[in-house]
Every structure is written in C-alpha cells, then in structure tokens.
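Readers should treat all values here as calculations from the given coordinates under stated rules, not as data from a laboratory. None of these values were measured; they are calculated from a predicted model. Note: ideal-geometry Cβ built from the backbone for every residue, glycine included; neighbour counts use all protein chains shown.
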Amino acid sequence: MTMGCWVENVRSLLSTGLDEVRMIGIWGAGGIGKSAIAKVVYNSITSQFGGRGLLANVRETSSKPDDLVHLQKALLSEILWKKNIVVFSADGGFNLIRDRLCCRKILLVLDNVEHGDQLNVLARECEWFGKGSTIIIMTRDKHVLTSHGIDQVCEVKALIKVKLLKVLVNMLFQDKRKKNKQGDIIDSILGYANDLPLAIVVPGPFLCHRIKREWDTVGLTC
C-alpha cells in the first residue's frame, strides 16, 4: 500500500458517527511513516474544528512524572492558544482539560504514545471533549490502544520493496545510466533500512553524489 492508501484508511475511520467523539489509533513500527500519515490527515480536516493541537513525540517529552503535567499544559496551550496556563498536578490537569474542552469540537493528534499513563493524562475519556471531536493516537504498541478501549485502528506496514527501491534509486542516482550499475549498493541499503521509509529518507541526502568508498565508511555497502 502507498501512503495515500493509508491516509484514506484513516479518513474512513473518521467518517462514522459524526456527532460522536472519536478516538482512533495509528499503529506500526518506528520510522514507518505514522507521523507523516497523521499530519496529512490533520492538515486535510483541521478547518472542520474549533480547536486543534498536535503534540509531537509524547514518548520523549514525558520520561519523568512531572513531564505528564507539562504535556497537559502543552495540550491546553495549543488548543486554547494561551501560553500562561497553570497546571499544578496531573489530577488538576484532568479537571482543567475536561472543563475547558468539554464543549469544544477539537482535533487532537498525539504522536508516539508509549504507555497508558500518557494517554490517560491527555485523553482519558471521550466525555472530556465536545461533540464531533477527534483524537488520533500514534503508537508502536497496539496494547496502548486496546487497553484504552480504542478499537478503530489503522495498522501501518512497511512499504513493499519495489516502492522503496523506486524512492531510493530516484534519490541517489540522478544519472539514469548509473542506476543499473549499483545493484549491490542498493540491495545493501534496502537491507540496512529493513523496509522502513524513514531509514532510507534520512541517510539518502547524505549519500547522494558521494563515491562508493565514502559509503563504505558508514557500513552501507557489501
């Protein structure tokens, strides 16, 4: 499947129960493109909501207990467009989110949620948000979603090898005559990337226009 297909899959999950609060999940391995898919969906529907927020990389910004309160502040600041929101504790944050957002139709994207505590402090119940609200949660662990009662889940799988090959070849070899002469290098990079798009996109610009000997220094050639 292509990214466009996954985007449509997510959008189809949003098309039911238009007056209900919807929590949906995007599940898949790290680097597979979950965030990119969610951002496309977010940008395409954001105008339908009275408030919106996108919290990037929840996992890395909540490694300590106090960080959960910071996440609650970030959520409220993004949606309400206020910088000086005071949250003294996670329990206080629960009440504040519910009281401020229960009558608002909001769009919230939570990126890279790692465990249930993070989800509980940000979106414990559908009743916290106004009718028609949508919460999209990305995670590497499907249990985070199922344990929260989220059964509308889009599983994102690796691109098939032929699509990755096309991405890689077009990125590295602008001279078409060289494409057929570097098969061993291409196979090595695909093996290194393990079929993950991000693992190709990140090193691609670095390797472009470099000679084979330089590729050897990063362990990508046979």
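Please find, among ILE135, ILE97, the residue that is under 16 Å from ALA74 (Cβ atoms), aliphatic (A, V, I, L, M) and touching a strand residue (DSSP E or B) at 6+ places or on another chain (Cβ under 8 Å).
Checking each option against the conditions leaves just ILE135.
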Single residue of region 75-100 satisfying the filter (under 17 Å from ALA38 (Cβ atoms) and of a type outside the set (Val, Ile, Thr)) that is surrounded by the fewest Cβ atoms within 10 Å (Cβ to Cβ): GLU78
Restricting to region 101-131, name every residue that is touching a residue at least 60 places away in the same chain (Cβ under 8 Å) and exposed (fewer than 15 other Cβ atoms within 10 Å of the Cβ). CYS126, GLU127, LYS131
